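Student: Following this message is one structure expressed as structure tokens.
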Amino acid sequence: MKSVLDNRLKIIHDESKTIQDYVKINRQFIEVYISDKSKVEIMVKNWYLQKAKERFHQLAKPLFEQFTSKYNLTDANYQLVIREMQKRWGSCTPKGKIILNPELIKAPKGCIEYVIIHELSHLIHHDHTQKFIDLQSKEMPDWEKWKAKLEKLLA
């Protein structure tokens with residue numbers, strides 16, 4: 001998976017170690033303030049991971065609660081896991097654990113919601129049958145638009 005922001009990274013290097021290492025967004029750029037350039041990759045990765053955890057929980061919790069109440073998912077327990085995956089944006093266990101790829105944080109909100117709704121739909125239909133597609137379409141009528149955008153941006 002390629003990063004949509006690879007060309008928007010600015011590294012501000014200070015060998016004198018007078019600045020504290022940190023990452024921030026400044027308009028359209030991600031700025032990394034760092035004293036040791038060898039730490040840039042891990043700092044950016046950790047920053048993305050933290051942002052992903054915050055944003056994904058914010059988006060997933062109400063959707064999970066909505067699915068639980070609408071479809072009587074009484075045995076499902078809300079659990080969200082962020083884990084790097086080579087070929088998937090997300091997955092779902094039969095007990096309701098939703099696993100999301102942290103790379104999704106680089107996509108628009110609609111793309112993230114699409115993946116969450118897709119995985120939640122698997123709690124009701126465990127395969128990709130027409131019933132699954134109908135449920136996903138009911139919960140997110142424009143899912144195909146968001147799927148295409150996600151594939152275009154981050155494929």
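Student: Using a Gaussian network model of the chain with C-alpha springs under 10 Å, which one of E139, E65, E15 is most mobile by mean-square fluctuation?
Tutor: Judging by the Gaussian network model, the answer is E15.
Student: Also: Taking the Cα centre of the range 85-155 as origin and charging only Cβ (+1 Lys, Arg; -1 Asp, Glu), how large is the dipole, in debye to the nearest 20?
Tutor: 200 debye
Student: Within the range 51-155, what whole-number % of the accessible surface is contributed by carbon and sulfur, with the 1.4 Å probe and all protein chains included in the calculation? Write down the numbers at each step before the final one.
Tutor: Working: 2930 of 5920 Å².
Carbon-and-sulfur percentage of accessible area, whole number: 49.
Student: Mind telling me which of Q66, Q136, Q86 comes out most flexible in a GNM of the chain, alpha-carbon contacts under 10 Å?
Tutor: Of Q66, Q136, Q86, the Gaussian network model singles out Q86 as fluctuating most.
Student: Now, a different point. Nearest 0.05, what FRET efficiency do N72 and T129 give at R0 = 22 Å with Cβ-Cβ as r?
Tutor: That gives a FRET efficiency of 0.65.
Student: Please list, in chain and number order, the residues 5+ apart from D14 or on another chain whose amide H is under 5 Å from its amide H, with Hs placed from the backbone.
Tutor: I34, S35
Student: Okay, next question. Send over the Kirkwood Rh of the chain, from the inverse of the averaged 1/r over different Cα pairs, rounded to one decimal Å.
Tutor: 17.0 Å
Student: Give the calculated FRET efficiency between K138 and K109 to the nearest 0.05, with a Förster radius of 25 Å applied to their Cβ-Cβ distance.
Tutor: 0.80
Student: At a Förster radius of 35 Å, what calculated FRET efficiency corresponds to the Cβ-Cβ distance of K61 and K37, to the nearest 0.05?
Tutor: The pair K61/K37 has a calculated efficiency of 0.40.
Student: Sorted by packing (mean other beta-carbon atoms within 10 Å per residue), highest first, where do 103-115, 29-41 land?
Tutor: Averaged packing, sorted descending, gives the order 103-115, 29-41.
Student: Amide H of C92: which non-local residues (sequence gap of 5 or more, or other chain) have their own amide H closer than 5 Å, using H built in the peptide plane?
Tutor: Placed amide hydrogens put I99 under 5 Å from C92.
The values are calculated or read from the model by the stated rules, or taken from the named source; none is laboratory data. All of these numbers come straight from a predicted model, not from anything done at the bench. Backbone-built Cβ (ideal geometry, glycine too); neighbour counts: all protein chains shown. We work out accessible area using only protein heavy atoms, side chains counted, and drop any ligands, DNA or RNA first. Shrake-Rupley method; radii C 1.70, N 1.55, O 1.52, S 1.80 Å.
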